[in-house]
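A.B. asks: Just dropping this structure here.
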Amino acid sequence: MSDSQRSAPLLEVRGLKKHFPVRKGLLSRVVGQVKAVDGLDFTLERGQTLSLVGESGCGKTTAGRTMLRLLEPTAGQVLYRADPTSEAVDLFNLPKKEMRALRPDLQIIFQDPYASLNPRITVGNAIAEPLLVHKIATGSEVEDRVAALLKRVGLRPDVANRFPHEFSGGQRQRVGIARALALSPKLIVCDEAVSALDVSIQAQVINLLKDLQDELGISYLFIAHDLSVVKYISDALAVMYLGRIVESGSADQIFNDPQHPYTRALLSAIPHADPKKRRQRIPLTGEIPSPIHPPSGCHFHTRCSLAEDRCRRDWPENVALGDGHQAACHLVQGASVTGA
Ligand code: SF4
């Protein structure tokens, strides 16, 4: 892909919020809000992978689903450009009919491929379904396309007549990828897509996703709780904590020069084969707090060993660290955090 093609981003997410009402009593009165996603800003470049990472419950899955309008947003904009020269459209403002027309461009792969495949439908029919629904192919052309898609994801075309339970976890995820590819998408949200797989199978599926990206120019929003998984596929990362992004930047910046104490703690948990490159473990104590009553000031202060009085009082604004690297921490001063 040329530099000029990369110039206009595929997706710009601005101020994305998704709050869920908390209801109580006989009359189901709204007594609070779960602020699952509370003001995300990020940009996804064409043909690249942005990984959204953080512990379970940080809001990353909700963010991915809301962005695709599988959940209705509370606020924000998702500006999408189908190609670099076209005008951006705000997915949240599109009438349902126009959103449906864009659906083929925007696909999702789920964590549990077994749950996302109907056990009574052969994998061939599961892959054919989007082709038929969107009237992309008919008759024998459908079979040919299904065979080509199965082959492309490393499965034999003759497995089309088998049912999901006849496949291993890794093979089922390949079927999920083939189904997502059927509509020639521009973006695939990979929602914990390899988390349930064995480490060796994870590597195979990630390699497949990378090959497909190189060949087809697809962009990925890769949602994962494990930073070691995203290391080999990410161009950029956004680290989430309790509904907000606390640090973002290129993969190189986040892995080699992390600034936020939470990012450092997550990275320190990654095992390393070379003892010289092993980071000192920074323990993350306690559970992630409830998003119904998030801690005051910096949401991370209840678990941060560096917390000061101002951390309990004031939310830290994003600090620009150069070349797109940002972190939201009172101790980050445009260069590096002190003492972590
Ligand atoms: Fe820790 Fe304070 Fe920085 Fe939050 S703002 S991460 S509590 S040092």
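Values quoted throughout were computed directly from the atomic coordinates according to the rules given, and no laboratory measurement underlies them. Note that the coordinates shown come from a computational prediction; the quantities given were computed from them, not determined experimentally. We place every Cβ from the backbone using ideal geometry, glycine too, and count neighbours over all the protein chains shown.
A.B. asks: Test of understanding: what is the full-extension gain from Ser7 to Asp198, defined as 0.36 nm times their sequence separation minus their Cα-Cα distance?
C.D. replies: Computed gain between Ser7 and Asp198 is 65.1 nm.
A.B. asks: Taking the Cα atoms only, what angle lies between the long axis of helix 169-181 and the longest principal axis of the chain, rounded to 10 degrees?
C.D. replies: With rounding to tens, the tilt is 80 degrees.
A.B. asks: With r defined as the distance between the Cβ atoms of Arg162 and Glu129 and R0 fixed at 22 Å, what FRET efficiency is calculated, to the nearest 0.05?
C.D. replies: For Arg162 and Glu129, the calculated efficiency is 0.90.
A.B. asks: Can you give me the relative contact order of the range 46-176 as a percent, contacts being Cα pairs under 8 Å and 6 or more apart?
C.D. replies: The value is 19 percent.
A.B. asks: Using unit Cβ charges (K, R positive; D, E negative) and no other charged atoms, how large, in debye to the nearest 20, is the dipole of the range 3-339 about its Cα centre?
C.D. replies: 920 debye
A.B. asks: May I ask you to derive the relative contact order of the range 131-263, considering only C-alpha pairs under 8 Å and at least 6 residues apart, and to give it as an integer percent?
C.D. replies: 16 percent
A.B. asks: State, as an integer percentage, the relative contact order of the chain based on alpha-carbon contacts under 8 Å between residues 6 or more apart.
C.D. replies: Relative CO of the chain lands at 19 percent.
A.B. asks: Sticking with this one: Using amide H atoms built in the peptide plane, which far-off residues or other-chain residues are under 5 Å from Thr49 H to H?
C.D. replies: Tyr220, Asp235, Ala236
A.B. asks: How much length is gained on full extension from Trp315 to Ser290, taking 0.36 nm per residue of separation minus their Cα-Cα distance?
C.D. replies: So the extension gain works out to 7.3 nm.
A.B. asks: What FRET efficiency comes out for Lys97 versus Gln33 if R0 is 41 angstrom and r is the Cβ-Cβ distance? Round to the nearest 0.05.
C.D. replies: Given R0 = 41 Å and the Cβ-Cβ separation, E is 0.85.
A.B. asks: Which length gain, in nm to one decimal place, applies between Leu26 and Glu308 when the Cα-Cα distance is subtracted from 0.36 nm times their residue separation?
C.D. replies: 97.2 nm
A.B. asks: About its Cα centre, what dipole magnitude does the range 18-159 give when the only charges are +1 on Lys and Arg Cβ and -1 on Asp and Glu Cβ, stated in debye to the nearest 20?
C.D. replies: 560 debye
A.B. asks: Continuing with the same structure: Can you compute the modelled spin-label distance between Ala269 and Val89, with each label point 7 Å from Cα toward Cβ, in nm?
C.D. replies: It is 4.0 nm.
A.B. asks: On a 0 to 90 degree scale, rounded to 10, what angle separates helix 140-152 from the longest Cα axis of the chain?
C.D. replies: 40 degrees
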